[in-house]
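Undergrad: Just dropping this structure here.
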Amino acid sequence: MGPYAECLKQQGWSQTKYFPDVDEVEVEVPAGQSAAFDISRYTCYGQYPKKMRPPMNEREIGELWQWSMDESIPCLAREGYTVTGFPSKGAFVDGYFAERTYKLPASIVDAPSDVIDRCPQFPESLRD
């Protein structure tokens, strides 16, 4: 787990999921806790600054969707996880541009970190 993710866990955010292929984290923040999380995020960014990546363009977000369909979802299935409800390519791309966010297959099935290590969620071309 990366130092930023470890910092968040040490701050008490136990539902921190780390995606090593892109050095990203996903944190489940309970209702009413967003202000506390913002303080923790600020603290951890200060201790472990992260390189900010620019927003993806349409080709890149489409490539991420295709990788999810061709690589991530089949890998998760081999690990015993069934991904249901993954959006169509159009919905995935439109959702990204509407909200600048996306849900990775490993997040949908709540896969643990060791499974995420074995099933990269991003294609090599989109990794830093």
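The values are calculated or read from the model by the stated rules, or taken from the named source; none is laboratory data. Predicted, not measured: the structure shown is a model, and the values here were computed from it. Heads up, the Cβs are rebuilt from the backbone with ideal geometry, glycines too, and the neighbour counts pull from every protein chain shown.
Undergrad: When the range 101-120 is examined, which residues are found to be surrounded by fewer than 16 Cβ atoms within 10 Å (Cβ to Cβ) and hydroxyl-bearing (Ser, Thr, Tyr)?
TA: Across the range 101-120, the qualifying residues are 101, 113.
Undergrad: If you don't mind, there's one more thing I want to ask. Looking only at residues that are assigned to a strand (DSSP E or B) and at pLDDT 80 or above in the range 14-54, which one is surrounded by the fewest Cβ atoms within 10 Å (Cβ to Cβ)?
TA: My answer is 26.
Undergrad: Quick check: is even one residue across the range 16-33 closer than 22 Å to residue 67 by Cβ, free of Cβ contacts under 8 Å to residues at least 12 places away in the same chain and under 17 Å from the mean Cα position of the chain (by Cα)?
TA: yes
Undergrad: Go through the range 91-122 and count every residue that is at pLDDT below 90, not aliphatic (A, V, I, L, M) and not in a helix (DSSP H, G or I).
TA: 9
Undergrad: Restricting to the range 48-83, count the residues that are in contact with a Cys (Cβ under 9 Å, 6 or more places away or on another chain) and polar (S, T, N, Q).
TA: 1
Undergrad: Sticking with this structure for a sec: Of all residues being of a type in the set (Gly, Ala, Ser) and either modelled with pLDDT under 95 or part of a helix (DSSP H, G or I) (or both) in the range 74-89, which is farthest from the chain's Cα centre (by Cα)? Just the residue, please.
TA: 77
Undergrad: Let me ask another. Name, by its number, the condition in (1) without any contact (Cβ under 8 Å) to a residue 40 or more places away in the chain; (2) buried (at least 17 other Cβ atoms within 10 Å of the Cβ); (3) over 25 Å from residue 98 (Cβ atoms) that does not hold for residue 73.
TA: So residue 73 meets the others, but not (3).
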